[in-house]
Amino acid sequence: MKVFFARAQMQHRPTQYGVHGRLVQPLENPNRAATLIESLESLGLTVGEPARDLEADRAAIERVHPAHYLRFLDTAFARFQELPHAGPEVLPNVHPYFAAARPYGASPLANGARPEPRTTGILGQTGWYVGDLSCAMTEGTAEAAFASAVSAIAAARAVLSGDGAAFALCRPPGHHAYADRASGFCFLNNAAIAAELLREQYGKVAIVDFDTHHGDGTQTIFYARDDVFFGSVHTDPSAYYPHFLGHADETGHGAGEGCNLNLPLAFGSGDGEYLAAVETLAERALGFGAEALVISAGWDAHHADPLSKLAVTGDAYPLVGEMLGRLGLPSVIVQEGGYSLAAVSEAAPAFTGAFMGARA
């Protein structure tokens, strides 16, 4: 199985992360990528640099993210530094209000995206396009985010070219990125970009997300569509990130009704509950008629992860890999969360080895 990682992803090196009223050192940092590379190479896999085609890559990204949002990412750091007394990184300090009653995914614009903001100043645009204090932008953030998406694009193209599966080692991750908003360490939604590419050849695509956090960005992008199924097992968001989406009654909107499945787990849930939920997601993906699969793979449900509220052990991950590998679908694995380097070193190779073994 090919593994893709663009070295430019290391250029995202934030120093600030807002949590519990403090700015602290970010958990999402380059050490994660280095650990993942080492872990996957221990399986005998070769981690390769994806080929770049700037025009085609940009076009693939724009199938999910509107051009005005991409322009913001491209220019935000330089514009922010022109402010008097600017801090070292781009961070929002104001946010617009959107009526909570409007159904997610019901926007008349594609992928739930909002229109381009009327505000032209960098402070207003940062509040419009950046959802929280976990997405500090440095000088290299935009390049790293695009390189992360290119890794997902390369993996999807490999599958479209006949590979049974490919792994996109994406960092920064993507599943909290909305069509036009960065949040939760995420800037571009790599899983959604991969799914859109797979749709070129496959009539129906399923996305299965087993990160400990709900993939709110991915859900919103596909919420009103019936050609992409999104299923997620995650920690109950009632008092946990992303807080506002990820509940069991969110089942899709319009044509997408029934194509969204959330299986939130109570704090303290262990391997049994977690694995049963993954099995349900796999069954629903097949029932949906999926012809290809995107896996949003996060290792942060592991009890050792600093963000985890679950009691999932390392023993669960090879079983998850086996379950999803047995589906036998053309598959793109997209790296999401996982912030304990020790847990990542255990879970990522265990999942990947079992996934490949189930497909052999």
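Here, each number is a calculation from the coordinates, and none is a lab measurement. Just so it is clear, the structure is predicted and the values come from calculations on it, not from any experiment. Neighbour counts run over all protein chains shown; Cβ positions are idealised from the backbone, glycine included.
Worth a mention:
- Other-chain or far-sequence residues with amide H under 5 Å of E291's (modelled H): K204, V205, A206
- Under 15 Å, Cβ to Cβ, from T218 - net charge with Lys/Arg +1 and Asp/Glu -1: -4
- Near Y339, once Lys and Arg are set to +1 and Asp and Glu to -1 for all other residues with Cβ below 15 Å from its Cβ, the sum equals -3.
- Gap separating the Cα centres of the range 260-280 and the range 162-189, nearest whole Å: 22
- Placed amide H near A182: partners under 5 Å, 5+ positions off or other chain: V130, G131
- Cα centroid of the range 1-67 to Cα centroid of the range 120-148, whole Å: 15
- Nearest 10 degrees, 0 to 90: helix 341-359 Cα axis against the chain principal axis: 50
- Other residues with beta-carbon under 10 Å from the beta-carbon of G258 carry, at +1 per Lys or Arg and -1 per Asp or Glu, a net charge of -1.
- Excluding exposed DSSP-loop GluC sites (Glu not before Pro) (at most 14 other C-beta within 10 Å), longest clean stretch of the chain: 83-199
- Largest first, the three principal axis extents of the alpha carbons in the range 2-359 are 56, 43, 43 Å in whole numbers.
- Rounded to 10°, Cα long-axis angle of helix 316-325 versus longest principal axis of the chain: 80
- Estimated [θ] at 222 nm from DSSP helical runs (n ≥ 4, -39500 (n - 2.57)) normalised by residues in the chain, nearest 500: -11000 deg cm²/dmol
- Between the helical axis of 141-160 and the longest alpha-carbon principal axis of the chain there is an angle of about 30 degrees.
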